[in-house]
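Asker: One structure, pasted below without further comment.
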Amino acid sequence: MRLTKFTDLALRSVMRLAVQKDGDEPLTTREVAEVMGVPYTHVAKAVTRLQHLGVVEARRGRGGGLTLTGAGRQASVGRLVRELEGDGEVVACEDDPPCPLRAACRLRRALRDAQEAFYAALDPLTVADLVASPTGPVLIGLTDRPSG
Ligand code: SF4
């Protein structure tokens, strides 16, 4: 199973925000995009979705920026991935033209079960778990605020 780029980018953004310490100046969307080396518009879309999920808070104006919410820090990675990936199946049984086996396909059922097992393996992990050492220190080192 392969995650969409959108999901991966959203998770990367969340991980970067998760290593901000209390008292640090919040990062802006543009700064997150710069340190991740990805287009601003992609991060902006991911941030909007993460706000809707209650994971990220965005404050405008001077001193504003992005912060991870308390719920975001404790969020289950499995839940986030489910929300970000949507209801899609791993195979396109209903494409145009649809697969003639789709109404009675054992493979489809097995793949759905495998997809659920994939998410279930991520359920016990929280965002905070993802940034424990060694990932957190590496993230901080990689993503020092751009100078100038
Ligand atoms: S063979 Fe089964 S899993 Fe594959 S596309 Fe057809 S219905 Fe879906």
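Asker: Can you say whether residue 78 is at pLDDT below 95 and among the small types (Gly, Ala, Ser), as far as the supplied structure shows?
Answerer: On the way: at pLDDT below 95: no; among the small types (Gly, Ala, Ser): yes.
So residue 78 fails the test.
Asker: I've got another one for you. Exactly one condition in (1) modelled with pLDDT of 95 or more; (2) more than 24 Å from residue 27 (Cα to Cα) is false for residue 102; which is it?
Answerer: Here residue 102 clears every test but (1).
Asker: Enumerate the helices (runs of 4 or more DSSP H) found wholly within the stretch 19-90, keeping only those where 1 or more residues are in contact (Cβ under 8 Å) with a residue 60 or more places away in the chain.
Answerer: 29-36, 77-85
Asker: Here's something else I'd like to know. I need a count of the residues in the stretch 97-147 that are near the ligand (Cβ under 9 Å from one of its atoms), surrounded by 10 or more Cβ atoms within 10 Å (Cβ to Cβ) and outside any helix (DSSP H, G or I).
Answerer: Of the residues in that region, 4 qualify.
Asker: Another one. Which of the residues spanning the stretch 113-141 are free of Cβ contacts under 8 Å to residues at least 40 places away in the same chain and closer than 20 Å to residue 17 by Cα?
Answerer: Those that are free of Cβ contacts under 8 Å to residues at least 40 places away in the same chain and closer than 20 Å to residue 17 by Cα: 132, 133, 134, 137, 138, 141.
The values are calculated or read from the model by the stated rules, or taken from the named source; none is laboratory data. From a predicted model like this one, the values you see are computed outputs, not experimental measurements. We place every Cβ from the backbone using ideal geometry, glycine too, and count neighbours over all the protein chains shown.
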